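Contents: one structure, followed by commentary.
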Amino acid sequence: MSIADTIRNAFVPVHREGWPFIAAFGAAAVLLGLFSTALFWIGLILTAWCAYFFRDPVRVTPLDDRLVVSPADGVVSAVGLAAPPRELGLGATEMTRISVFMNVFSCHVNRAPVRGRIARIEHRPGKFLNAELDKASEENERRAMVIETLSGEKVGVVLIAGLIARRIVTFATEGASVAAGERIGLIRFGSRVDVYMPAAAEVLVAVGQTALGGETVLAELPGASAGAGQPLA
């Protein structure tokens, strides 16, 4: 490996959604610097934080279709049974729900928890409560999607806006095929992602555990095969 490769690998890429914000913070820092050196440094620090917030690191996802990986970086804030949101179209029967809370220092690029086809994408307007609250799953602004796996299991993914987050961006489209760990969206400035899966899924994480999007295994699906090499329909 060359020195250039070593230097390049030391820097984490920034997602394209972040560049307008970084440019705005940088311009504000320069303008503030015309009036005060202290304000310039404060603006520069905030610009650096903004670049850090929109980082988009490469992740290595387990190649096993039985596994559900974390859709986000953050802390596992809830594990248990819950009825999925109506917009998912998964019925009223309780499913296993695992929630991952992202604070303003977490990487906010969201990833597909399983491999499959995106069967549904829905947007629901709502409030901007603290995303750590359980009622945020029902009352907050959110984008929900259902991914149908190769084995026919349906997994719900709900991107929830938080107290500071005011915009949810989704990259995935309805009907498209996604790989586990593939980028599917981004929530700006603090939020939460809920994953709904069959109640019989084996949960492999606990509340309070730190998760890495696209890498940390949350659960194992019942009845699914490990064949990651099978093509998607």
## Note on the structure
Pairs returned, first residue in region 28-55 that is assigned to a loop (DSSP other than H, G, I, E, B), second residue that is of a type in the set (A, V, I, L, M, F, W, C) and at pLDDT below 85, beta-carbon separation under 6 angstrom, 6 or more apart or interchain, are 54/14
### Query
From the list 69, 60, which residue is among the β-branched types (Val, Ile, Thr), in contact (Cβ under 8 Å) with a residue 40 or more places away in the chain and surrounded by 18 or more Cβ atoms within 10 Å (Cβ to Cβ)?
69
### Task
Could you tell me whether region 132-151 includes any residue that is within 11 Å of the chain's Cα centre (by Cα) and either assigned to a strand (DSSP E or B) or modelled with pLDDT of 90 or more (or both)?
no
### Query
Within region 97-110, can you find the residues that are at pLDDT 90 or above and open to solvent by less than 10 Å² (accessible area, probe 1.4 Å)?
98, 99, 100, 110
### Task
Could you please find all residues in region 206-215 being open to solvent by 10 Å² or more (accessible area, probe 1.4 Å), closer than 26 Å to residue 54 by Cα and in contact with a strand residue (DSSP E or B) (Cβ under 8 Å, 6 or more places away or on another chain)?
207, 208, 209, 210, 215
### Message
Going by what's in this entry, would residue 206 be described as at pLDDT 75 or above, assigned to a loop (DSSP other than H, G, I, E, B) and not hydroxyl-bearing (Ser, Thr, Tyr)?
### Response
yes
### Of all residues making up region 181-204, the number that are open to solvent by less than 20 Å² (accessible area, probe 1.4 Å) and more than 22 Å from residue 120 (Cβ to Cβ)
1
### Task
Could you give me the residue pairs with C-beta distances under 7 Å whose first residue belongs to region 80-93 and is more than 24 Å from residue 206 (Cβ to Cβ), whose second residue is open to solvent by 50 Å² or more (accessible area, probe 1.4 Å) and small (Gly, Ala, Ser) wherever it lies, and which are 6+ apart or on separate chains?
92/83
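The values are calculated or read from the model by the stated rules, or taken from the named source; none is laboratory data. Values in this document were obtained by computation on a predicted structure and should not be read as measured data. Using ideal geometry, Cβ is built from the backbone for each residue, glycine included, and neighbour counts are taken over all protein chains shown. The protein model used for the area step is the full one, side chains on, heavy atoms only, and it has no ligands, DNA or RNA in it. Shrake-Rupley method; radii C 1.70, N 1.55, O 1.52, S 1.80 Å.
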